[in-house]
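As structure tokens, the structure follows; a few thoughts come after it.
The values are calculated or read from the model by the stated rules, or taken from the named source; none is laboratory data. Just so we're clear, the structure is a prediction, and the values are computed from it rather than from any experiment. Virtual Cβ from ideal backbone geometry, glycine too; neighbours counted across all protein chains shown.
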């Protein structure tokens, strides 16, 4: 599988993300934001975490207009798989490739810790190796992860099985670190080829780092 | 010409910063405040042949970049 990891000024998770997919035996190419094309044989585009353009104006608001994002949009429109992690999720929201928007965390703190997530839906490429109701231990690190969507669109998300992950504690009870609507941590688009989540599966790839739960998530994209 | 753009969270969208500032004001004894909303102001210098044209142009800027209309509203004031 050929994985493309995007790189904007201020991105800082591109090398972790490359490391994670290389551990899974995949070929990874980092693509600079000024590129107008992504390689033709790309099987997955990852928009990684960080602080693209210093989070100026709004997280992801300026990265959205980078030349490479035009290529990502047409790649996604043609059914290509796109995964946005943390700032990558924010960029996909600003690009309207995913519905909703991010606000500052409810408590205004930058939250950086391990967080349990509950799998709400596995009828998609990303979480197909996980069970519904399964708990995953994945690090979070963000100041703007307070997901917002209006009631009508929220209902549509549920109706289409687009709510993928919610925040919980080790017993599976709701535990919301940022004020996100319905404890939502990750979603996908209606066609289920564009995915976004605030937690960092690429930081949970080996036991020495506290969790390997990211492996079965990212493995979903493998052939 | 100068354009003053105010961007703020929509009514009904909870404003975490406004809430924190409201709380801080309350603890300082300003207990007559019933609500606080924190927004941002963007001031632009631009060339335009008329105020009307400037306003239309800035409105486009707001819709594409300056505001995220999923959660934010904006107001535009044009000053000669």
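Key figures
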quantity: Per-region count, segment A:109-142, residues more than 14 Å from chain B (Cβ to nearest Cβ) and part of a strand (DSSP E or B); calculated: 15
quantity: Which numbered condition residue A:40 misses (of (1) over 20 Å from residue A:198 (Cβ atoms); (2) at pLDDT 95 or above); calculated: (2)
quantity: Qualifying residue in segment A:167-186 (condition: closer than 20 Å to residue A:205 by Cα, in contact (Cβ under 8 Å) with a residue 60 or more places away in the chain, assigned to a strand (DSSP E or B) and more than 13 Å from chain B (Cβ to nearest Cβ)); calculated: yes
quantity: Odd one out for residue B:5, checked against (1) more than 11 Å from the chain's Cα centre (by Cα); (2) within 30 Å of residue A:107 (Cα to Cα); (3) surrounded by 16 or more Cβ atoms within 10 Å (Cβ to Cβ); calculated: (1)
quantity: Residue within segment B:45-53 that is over 13 Å from the mean Cα position of the chain (by Cα) and crowded, with 16+ Cβ neighbours inside 10 Å present; calculated: no
quantity: Considering residues of segment A:65-101 that are in contact with a strand residue (DSSP E or B) (Cβ under 8 Å, 6 or more places away or on another chain) and more than 26 Å from residue A:20 (Cα to Cα) only, the residue farthest from the other protein chains (Cβ to nearest Cβ); calculated: A:99
quantity: Residue within segment B:24-37 that is within 13 Å of another protein chain (Cβ to nearest Cβ) and free of Cβ contacts under 8 Å to residues at least 60 places away in the same chain present; calculated: yes
quantity: Segments classed as helices (runs of 4 or more DSSP H), wholly inside segment A:1-108, with at least 3 members that are surrounded by fewer than 24 Cβ atoms within 10 Å (Cβ to Cβ) and in contact with a helix residue (DSSP H, G or I) (Cβ under 9 Å, 6 or more places away or on another chain); calculated: A:14-23
